[in-house]
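The values are calculated or read from the model by the stated rules, or taken from the named source; none is laboratory data. Please read all numbers here as calculations on a predicted model, not as lab measurements. Cβ coordinates were reconstructed from backbone atoms using ideal geometry, including for glycine residues, and neighbour counts include every protein chain displayed. SASA here: full protein model, heavy atoms, side chains in, ligands and nucleic acids out. Shrake-Rupley method; radii C 1.70, N 1.55, O 1.52, S 1.80 Å.
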Amino acid sequence: MLPLLAALLLVPAQLGAARVTYEPTWESLDARPILTGLMGWYWQGQKSEPYVKFMSNNYPPGFRYEDFGPQFTAEFYDPLQWANILKESGAKYVVLTSKHHEGYTLWGSKFSWN
């Protein structure tokens, strides 16, 4: 079952990769669509009615996925709470994702759209 699931998840990525070729340059990579997350796919790609309705009810016309960036303030981030939860979970190590899949970094960077 797991190999089948993995294959099903990889097929869309492989099909999408076959349509567009990018060069190993910043200009080419920056030309990639930023909207790759599930929220973006259901909202603007598939235009799923519940997602479109949520966005139209909560965000102004013209709001883009990138506009979420300034709203991320980490206001409630508590590193001690995270450390305690991770320790209690039995985790032996933690890997911080420094750059999200669509290019958003967890700190200001000239190489990111945040």
message: Filter segment 65-114 down to the residues that are within 22 Å of D30 (Cα to Cα), among the basic types (K, R) and without any contact (Cβ under 8 Å) to a residue 12 or more places away in the chain and list them by number.
response: K110
message: Quick test for you: out of A13, A6, pick the one residue that is in a helix (DSSP H, G or I), open to solvent by less than 60 Å² (accessible area, probe 1.4 Å) and modelled with pLDDT under 55.
response: A6
- prompt: Of all residues in segment 92-114 being among the charged types (D, E, K, R) and in a loop (DSSP other than H, G, I, E, B), which is surrounded by the most Cβ atoms within 10 Å (Cβ to Cβ)?
  reply: E102
Answer residue from segment 33-60, given it is surrounded by 13 or more Cβ atoms within 10 Å (Cβ to Cβ) and among the polar types (S, T, N, Q) and is farthest from L106 (Cα to Cα) among those: S48
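Residue-wise test of (1) modelled with pLDDT under 75; (2) surrounded by 10 or more Cβ atoms within 10 Å (Cβ to Cβ); (3) more than 23 Å from V95 (Cβ to Cβ).
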| site | (1), (2), (3) |
| --- | --- |
| P24 | no, no, yes |
| E27 | no, no, yes |
| A31 | no, yes, yes |
| G62 | no, no, yes |
| F72 | no, yes, no |
| Q81 | no, yes, no |
message: Take S89 and tell me if it is among the polar types (S, T, N, Q), open to solvent by less than 100 Å² (accessible area, probe 1.4 Å) and modelled with pLDDT of 90 or more.
response: yes
